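Right, one structure below, let's go through it.
The values are calculated or read from the model by the stated rules, or taken from the named source; none is laboratory data. Quick caveat: nothing in here was measured; it's all calculated off a predicted structure. We place every Cβ from the backbone using ideal geometry, glycine too, and count neighbours over all the protein chains shown.
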Amino acid sequence: MHTFRRSAALLALSVSAVASLPALAADELHYNQIALRAEVSQEVARDLMIVTLYTEEQNSDPAKLAADVSTTMNKALAQAKQVKDITLRQGSRNSYPIYDTKGQKITGWRERAELRLESSDFAALSKLTGELLTDLKMGGMDFAIATPTRKASEDALLKDAVTAFKARAQLATDALGGKGYKIVNLNLNSNGYPQPYMRGPMMMKAASMDSAPVTPEVEAGTSQVSMTADGAIEVLMP
């Protein structure tokens, strides 16, 4: 019985020693590793114009109200479809009751419908917007980075980020007196593209209140986008 216990203890000790070998190997693997980070950025033009227009009316007859709103929106859609390279999207459409001063009796209904226009042709969309403001109101004018432009800038930034990471890796290797390095892991991440830039409400109000069709001013500007390269290298010592 004692012999069995001693054998079991020796077996447990042997298993423990074998189990520690991977831990030692892992320690050796990480012995000369350094975590590094590089970031690159560039200014990218906002080349997509987004305009939101809306109509809002009220009437005591909900059916008449819906018909009036539909007529106004259908007219705007038909006019917008005549302009090339403009994407049309119908936005939200909501109807809600209007109550008396006591908040108990419904005295009428109000309905609002939106039309969203997108285009990279700023001049064409600005002209159309001015024309549609005779029947619709301005809800907002935004500027964003178009998908093709975003993809192109990401590709360029990815190459620049890798180059910057390798330059930093070589700098760290030289500082430590190493003869070279190996990249252990590398993660490339875009820091996200900014939300559309919204135009100031006072400028939009001035354009919509003018008696004659007005072509709104366009100031799209640029956005700074960036990409980071996070990773680790193993420095090879002489």
Subset tally (residues that are in a helix (DSSP H, G or I) and of a type in the set (Ser, Thr, Tyr)) for region 130-150 | 2
Cβ-Cβ under 8 Å pairs, at least 6 apart or on other chains, region 47-64 side touching a residue at least 24 places away in the same chain (Cβ under 8 Å) and of a type in the set (Gly, Ala, Ser), far side surrounded by 15 or more Cβ atoms within 10 Å (Cβ to Cβ) and not in a strand (DSSP E or B) | none
Within region 47-73, track down each residue that is closer than 18 Å to Leu117 by Cβ and charged (D, E, K, R).
-> Asp47, Glu56
Could you tell me whether region 170-186 includes any residue that is over 23 Å from Glu39 (Cα atoms), at pLDDT 90 or above and surrounded by 12 or more Cβ atoms within 10 Å (Cβ to Cβ)?
-> yes
Among the residues of region 102-116 satisfying the criterion of being touching a residue at least 40 places away in the same chain (Cβ under 8 Å) and out of contact with any helix residue (DSSP H, G or I) (no Cβ under 6 Å at 6 or more places or on another chain), which is surrounded by the fewest Cβ atoms within 10 Å (Cβ to Cβ)?
-> Thr107
Quick one: Asp85 ticks every box in (1) assigned to a loop (DSSP other than H, G, I, E, B); (2) exposed (fewer than 10 other Cβ atoms within 10 Å of the Cβ); (3) at pLDDT 85 or above bar one, so which box is it?
-> (2)
Of the numbered conditions (1) in contact with a Gly (Cβ under 8 Å, 6 or more places away or on another chain); (2) small (Gly, Ala, Ser); (3) modelled with pLDDT of 95 or more, Ala207 satisfies every one except a single condition; which is it?
-> (3)
